[in-house]
Amino acid sequence: AENKRQLKEIEDKILEVLSNSTGNILEDESAIAVITEAKRLGNDIAAKQKQGELTEAAIDEARVAYAPCGEYLSTLFFCISDLAAIDPMYQYSLPWFTKLVLSSLAQAAKADKVPERLEAIHGHFTASMFKNVCRSLFEKDKLLFAFLLAGRILGSRGQLDGEEWLFLLTGGLGSVKPRPNPATAWLPDSSWQQLLRLSALPAFAGLAEAVAADPPAWQAVYNAAEPHRSKFPGIYNSLGDFRKLLVVRSLRSDKVVPAVSDFVRATLGAQFVESSAVDLAACYADSSATTPFIFVLSPGSDPTAALLQFAGPCALTRSCRQCQTL
């Protein structure tokens with residue numbers, strides 16, 4: 001924009017010289033000097049303008065290459081925004097999220113190829129965000145958050161069917177054509193009805209018929225201590241982790257939670273299901289004068305000893321004692 005402005009000023013100056021010149025312009029030394037200088041400046045500016053256009057094109061190319069990163073990050077932001085529906089206390093600001101993104105961009109492993117760099121950013125930020133968010137979650141909600149995170153990530157990649165996700169949440173909507181329960185001795189009618197509704201989904205077509213054709217094989221799954229880790233009969237053993245979760249929901253709804261844990265582990269990694277103690281050193285590193293610690297305590301809990309132990313080597317004991325008096 002600056003180069004174009006200067007070129008316009010040079011053009012206006014040349015027109016002014018030509019319009020004010022009297023007689024033969026070739027004999028007007030001041031006019032010739034102005035035009036010569038304008039030509040020199042014009043050539044310099046034109047070269048800068050060309051280089052600027054090349055730089056702009058390179059920036060646009062890089063922006064397009066990194067656009068998937070922006071889409072991925074927006075998916076995660078709206079994922080944590082939904083946590084407020086679980087508890088009004090679970091609310092996170094955009095500036096906090098942006099700060100976390102910038103930190104991951106700086107710390108994620110560098111790579112010459114854009115796909116490798118994107119993978120490094122996604123992996124580092126997902127783990128960092130999960131760790132930071134879990135600091136503010138009750139223990140009972142951490143697995144739910146990890147599962148929501150896994151579902152949103154798979155959905156953004158087109159690897160999760162919306163109807164199947166809805167079935168997991170609701171157990172299926174609408175009615176199906178009633179059919180007699182083929183194994184009343186061990187299969188509850190409620191589970192059979194869910195299997196019928198699940199069979200209405202394209203990926204599970206024929207599931208109810210398979211159960212009816214070989215009840216003993218499916219009874220072995222039903223009676224297993226860990227049905228979510230059992231081998232399913234026939235072609236259904238080749239189902240993906242999420243689809244196996246739907247079968248477990250229909251057969252043994254009491255095993256959905258451990259099945260969800262295994263699903264998260266397989267999708268995101270073990271660190272997203274393993275509970276760990278609060279790392280005060282990491283919390284302190286993420287804090288600032290405008291981002292203090294706030295402990296929400298349950299009856300009987302007291303972090304004072306842990307705070308004083310951490311504050312000793314950091315020469316913060318006096319500050320911690322002042323906080324204790326508050």
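The values are calculated or read from the model by the stated rules, or taken from the named source; none is laboratory data. Keep in mind that what you see is a predicted model, and the values were worked out from it rather than measured. Cβ: placed from backbone, ideal geometry, glycine included. Neighbour counts: every protein chain shown. These accessible areas exclude ligands, DNA and RNA; they are computed on the full protein's heavy atoms, side chains included. Shrake-Rupley method; radii C 1.70, N 1.55, O 1.52, S 1.80 Å.
Just for region 201-250: of the residues that are assigned to a helix (DSSP H, G or I), among the aromatic types (Phe, Trp, Tyr) and in contact with a Lys or Arg (Cβ under 9 Å, 6 or more places away or on another chain), which one is least open to solvent (accessible area, probe 1.4 Å)? Break it down into steps so the answer makes sense when it comes.
At the first step, the residues of region 201-250 found to be assigned to a helix (DSSP H, G or I) are 202-204, 207-213, 215-223, 227-229, 234-238, 241-250.
Still in the running and among the aromatic types (Phe, Trp, Tyr): 204, 218, 222, 236, 242.
So of that shortlist, the ones also in contact with a Lys or Arg (Cβ under 9 Å, 6 or more places away or on another chain) come out as 204, 222, 236.
On the way: Phe204: 0, Tyr222: 45, Tyr236: 16 Å².
It comes out as Phe204.
How many of the residues making up region 146-157 are more than 12 Å from Leu268 (Cα to Cα) and in contact with a Phe, Trp or Tyr (Cβ under 8 Å, 6 or more places away or on another chain)? Outline the logic, then answer.
Let us first name the residues in region 146-157 that are more than 12 Å from Leu268 (Cα to Cα), namely 155-157.
Remaining after also requiring in contact with a Phe, Trp or Tyr (Cβ under 8 Å, 6 or more places away or on another chain): 155-156.
So the count comes out to 2.
Quick test of your reading of the structure: Pro115 fulfils all but one of (1) at pLDDT 90 or above; (2) open to solvent by less than 50 Å² (accessible area, probe 1.4 Å); (3) farther than 26 Å from Leu143 by Cα; (4) of a type outside the set (Val, Ile, Thr). Name the failing condition by number.
(2)
Here's a check for you: in region 24-67, which residue that is acidic (Asp, Glu) and either modelled with pLDDT of 80 or more or closer than 22 Å to Ile10 by Cβ (or both) is least open to solvent (accessible area, probe 1.4 Å)? Let's see the steps before the verdict.
Of the residues in region 24-67, the ones acidic (Asp, Glu) are 27-29, 37, 44, 53, 56, 60-61.
From the residues that got through so far, the ones that are either modelled with pLDDT of 80 or more or closer than 22 Å to Ile10 by Cβ (or both) too are 28-29, 37, 44, 53, 56, 60-61.
Details: Asp28: 42, Glu29: 153, Glu37: 83, Asp44: 70, Glu53: 102, Glu56: 109, Asp60: 63, Glu61: 133 Å².
Once the filter is applied, the top-ranked residue is Asp28.
How do the pairs read when you match residues in region 45-67 that are assigned to a helix (DSSP H, G or I) with residues anywhere that are aliphatic (A, V, I, L, M), using Cβ under 9 Å and keeping only pairs 6 or more apart or on different chains?
Pairs found: Ile45/Leu7; Ile45/Ile10; Ala46/Leu7; Gln49/Leu7; Ala62/Val114; Ala65/Val114; Ala65/Leu118.
Looking at region 162-179, which of its residues are open to solvent by less than 70 Å² (accessible area, probe 1.4 Å) and not hydroxyl-bearing (Ser, Thr, Tyr)? Break it down stepwise before answering.
Going residue by residue through region 162-179, those that are open to solvent by less than 70 Å² (accessible area, probe 1.4 Å) are 162, 164-165, 167-168, 170-172, 174, 176.
Of everything in region 162-179, those that are open to solvent by less than 70 Å² (accessible area, probe 1.4 Å) and not hydroxyl-bearing (Ser, Thr, Tyr) turn out to be Gly162, Glu164, Trp165, Phe167, Leu168, Gly171, Gly172, Gly174, Val176.
Out of contact with any Lys or Arg (no Cβ under 8 Å at 6 or more places or on another chain), among the charged types (D, E, K, R), part of a helix (DSSP H, G or I) and touching a residue at least 24 places away in the same chain (Cβ under 8 Å), is that true of Asp87? First the steps, then the outcome.
Working: out of contact with any Lys or Arg (no Cβ under 8 Å at 6 or more places or on another chain): yes; among the charged types (D, E, K, R): yes; part of a helix (DSSP H, G or I): no; touching a residue at least 24 places away in the same chain (Cβ under 8 Å): yes.
Judged against the criteria, Asp87 is not a match.
Return the pair list, or none, for Cβ contacts closer than 7 Å from residues in region 203-225 that are farther than 16 Å from Asp254 by Cα and in contact (Cβ under 8 Å) with a residue 24 or more places away in the chain to residues that are among the aliphatic types (A, V, I, L, M) and surrounded by 16 or more Cβ atoms within 10 Å (Cβ to Cβ), at least 6 apart or on different chains.
Phe204/Leu198; Leu207/Leu195; Leu207/Leu198; Ala208/Leu195; Ala208/Leu196; Val211/Leu195; Pro215/Ala183; Trp218/Val211
Can you find, within region 251-278, the residue that is least open to solvent (accessible area, probe 1.4 Å) among those that are at pLDDT 75 or above and assigned to a loop (DSSP other than H, G, I, E, B)? Steps first, please.
Narrowing region 251-278 to residues at pLDDT 75 or above: 251-275.
Checking which are assigned to a loop (DSSP other than H, G, I, E, B) leaves us with 252, 268-269, 273-275.
On the way: Arg252: 37, Leu268: 39, Gly269: 19, Val273: 39, Glu274: 111, Ser275: 86 Å².
Selected residue: Gly269.
Within region 241-250, does at least one residue satisfy the condition of being of a type outside the set (A, V, I, L, M, F, W, C) and free of Cβ contacts under 8 Å to residues at least 12 places away in the same chain? Working first, answer last.
At the first step, the residues of region 241-250 found to be of a type outside the set (A, V, I, L, M, F, W, C) are 241, 243-244, 249-250.
Applying the additional criterion that residues be free of Cβ contacts under 8 Å to residues at least 12 places away in the same chain yields none.
Looking through region 241-250, none of the residues is of a type outside the set (A, V, I, L, M, F, W, C) and free of Cβ contacts under 8 Å to residues at least 12 places away in the same chain.
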